[in-house]
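Just so it is clear, none of the values below were taken in a lab; they were calculated from the coordinates. The structure displayed is predicted, hence computed values, not measured ones. All Cβ positions, even for glycine, are placed from backbone atoms using ideal geometry, and neighbour counts span all protein chains on display.
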């Protein structure tokens, strides 16, 4: 009974997170069209965050959920809506200007949403000291997504497996974690931010490959890249196993200094490993 009660509490976090994301999407209709940004996507995002940090309350997870949604918006605009590299470069320039504190342009829906996230995060004392770290992670995400767009324009320039995996920032996992850690404003966590970021990048690589195993057919239909287009499933699974072992080694010393955040990263691996066995975040096939 106690286990079920705890699971019910986590599901309540999911429900509240999903409702908030639906409200956000409704207030930015140009950025979040009904397809592919449907209720399934909002629920899946809220579920991943709630099960990754079940000790948090809805207020603590609100901006983390919204940061994930921003990452999905970037992914959609670059992967599926952009028609030229110049368009992507302009998007990148606008987002980085907002990250630096500039007001968004009136017609820049993505920048307006990012400015809302930035301004909410700025109410936390830690933001002033760590805003440059957040800006750098935003830059990495935008650069990684642009790099993948370039790869897809010419089949002759496809990366090898190592290059593909090195571009895992296009998953926008670590940038969300930085938002979460700054918003948490916990001194013990922030004191270990460098080590946490390194571990997060390792987790991000794992999630990139776990995602690919679960989304290969959709990626083929959508024209997206996938590790299974570069190497065999056995090679991907072997690399995941190696990365998980390496991540465990990186997380072990963090369990003494910031055990909650070490658990947070480990739970991301566990959740995604189960989730992608049968479904995907995007709400359309």
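Worth pointing out:
- Relative contact order (%) - the chain, alpha-carbon pairs under 8 angstrom, separation at least six: 22
- With Rh defined as the Kirkwood radius, the inverse of the mean 1/r over Cα pairs, the Rg/Rh of the stretch 2-275 is 0.94.
- Annotation: peptides 259-266, 217-224, 169-176, 126-133, ranked by per-residue average of other Cβ atoms within 10 Å with the highest first, follow the order 169-176, 259-266, 126-133, 217-224.
- Ordered by the number of other Cβ atoms lying within 10 Å of each residue's own Cβ, fewest first, 78, 10, 206 fall into the sequence 10, 78, 206.
- As a rough footprinting exposure proxy, the listed residues 23, 140 were ranked by other beta carbons within 10 Å of their own, and the order from fewest upward is 23, 140.
- Mean separation of Cα contacts under 8 Å (6+ apart) over length of the stretch 163-285, as relative contact order %: 34
- Stokes-Einstein D for the stretch 32-157, Kirkwood Rh over Cα pairs, 37 °C, 0.692 mPa s (µm²/s): 208
- Packing-based exposure ordering (other Cβ within 10 Å, fewest first) of 95, 11: 11, 95
- Panel note: the C-alpha atoms of the stretch 85-179, placed on their principal axes, show extents of 46, 28, 15 Å (largest first).
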